[in-house]
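Throughout, read-outs are computed from the coordinates displayed, never taken from laboratory work. Note that the structure is predicted; figures quoted are calculated from it, not measured. Please note: Cβ atoms are built from the backbone with ideal geometry, for glycine as well, and neighbour counts cover all protein chains shown.
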Amino acid sequence: MLIQCGYNISYTLSAPTALVLMLHLRPELAQRLRSAERFNITPGGPYENYLDTFGNRCTRLTAPAGSLELSGEVLVDDSGWPAPIVESAREHPVAELPSDVLRYLLPSRYCEVDLMGPLAWSLFGRISPGWSRVQAVCDWVFTHLRFDYGLASATRTARQACEERVGVCRDFTHLAITFCRCLNLPARYASGYLGDIGVPPDPAPMDFSACMQVYLGGEWHTFDVRHNARRIGYLPMAFGRDAADVALTTSFGPHQLTRFTVRTHEVPANYAVA
C-alpha cells in the first residue's frame, strides 16, 4: 500500500519571529519513503535542520513579519495491515529497562505520575501484566472520556482529563500514558499522520493524531487510545514524554494561525509524484 500525506499551515507574524518546526516524518521511516519528503517555507530564507534529544527531526528559522506558509508532501510505503496485537509481549522489571527508556516512567508536563499512582493501581493492579494490562488502560480511558473538539484545551493535564471526563486525542493519550507510567510501564507520546484507511471516513477536518507507545517485550508498541482500535497506516512524526516535547510549531513571539489542513490517503500502487 502507498500512502500520500501532507499539510498546509499558514501564520501571520507581527514581527520577525524565531520558530522551531517539527513537521518531518521520523528518521526510522526513511527506508519506506517512495518520494523525497517535500518541505517548503514561503517566503524562503535560511533555516537549519537538527535532531533533538528524542531523535525528532526539527527545523529552526527566523521568519520575517507578515505571512508565513509551511507545506509538505511525501509518499510512504505501508504494509496495509492494522497495527499488530502482540499479546505475548511482556512487561520488563524496571531493573531490566534500557537507560534511555527510564525517562518514560517519570512525571512530565501533562502526565502527573506522582499524583495518580493510587488510582492506577486500584484500577489495573489486579490485571495480568503485559499487553493485557496496557489494553485494559486503553479500554478504561476510551470508555470514561468523551471526545469533543469543542472542548479542546492546550493546558489540560492527564489528571484534569480524568476529572473532567472529556478531551481530544492528546488528552486520551496523556491519561493512558500516565496510568501506564504509574504501573511501571514505560510510555511515550507519538504525534503523526493517521488517515481513515480501512475505516468509515470521518467528516471532521483532519488533524495530526496523538498515539501512545508502550515499551513491552523489548520494543515500542503503538496504541491509538482515542479510537481504541488497531489502525492502518499510522506514520509517526515525533516522539516525546508528552505533547510539550512534540509541538509541531513553536513560535518565540506572537502569531496568528490562518490556515491548517492535513491530508492522508491511500493512493494506487502505480501512483507517480509530479
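At a glance:
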quantity: Radius, Kirkwood style, for the chain when every pair of distinct Cα atoms is counted (Å); calculated: 19.6 Å
quantity: Karplus-derived HN-Hα couplings along the stretch 158-166 (A = 6.51, B = -1.76, C = 1.60, θ = phi - 60°), whole Hz, x at Gly and Pro; calculated: 4, 5, 5, 4, 5, 6, 7, 6, 8
quantity: Spin-label pair Gln31/Leu115, simplified geometry with 7 Å Cα→Cβ offset, distance in nm; calculated: 4.3 nm
quantity: Förster radius 22 Å - calculated FRET efficiency between Ser10 and Phe252 (Cβ-Cβ, nearest 0.05); calculated: 0.75
quantity: Relative intensity, log₁₀ I(q)/I(0), of the stretch 100-190 from a Debye sum that treats every alpha carbon as a point, q = 0.10, 0.19 Å⁻¹; calculated: -0.22, -0.80
quantity: Expected 222 nm ellipticity per residue - DSSP helices of 4 or more, -39500 (n - 2.57), all of the chain, to 500; calculated: -5500 deg cm²/dmol
quantity: Candidates Leu175, Leu21, Leu51: whichever shows maximal mean-square fluctuation once the chain is modelled as a Gaussian network with Cα springs under 10 Å; calculated: Leu51
quantity: Peptides 178-184, 261-267, 231-237, 41-47 ordered by average Cβ neighbours within 10 Å, highest first; calculated: 178-184, 231-237, 261-267, 41-47
quantity: For Phe223, distant residues with modelled amide H under 5 Å away; calculated: Met212, Gln213, Val214
quantity: Separation in nanometres of the label points that stand 7 Å from Cα toward Cβ, at Ala18 and Ser67; calculated: 2.8 nm
quantity: Dimensions (Å) - the stretch 94-245, Cα atoms, principal axes, largest first; calculated: 45, 31, 28
quantity: Label-point gap, in nm, between Asp52 and Asn228 - each point 7 angstrom along Cα→Cβ; calculated: 3.0 nm
quantity: Environment charge of Val246, counting only residues whose C-beta is closer than 13 Å and scoring Lys/Arg +1, Asp/Glu -1; calculated: +3
quantity: Order by protection proxy (mean Cβ within 10 Å, highest first), peptides 167-173, 61-67; calculated: 167-173, 61-67
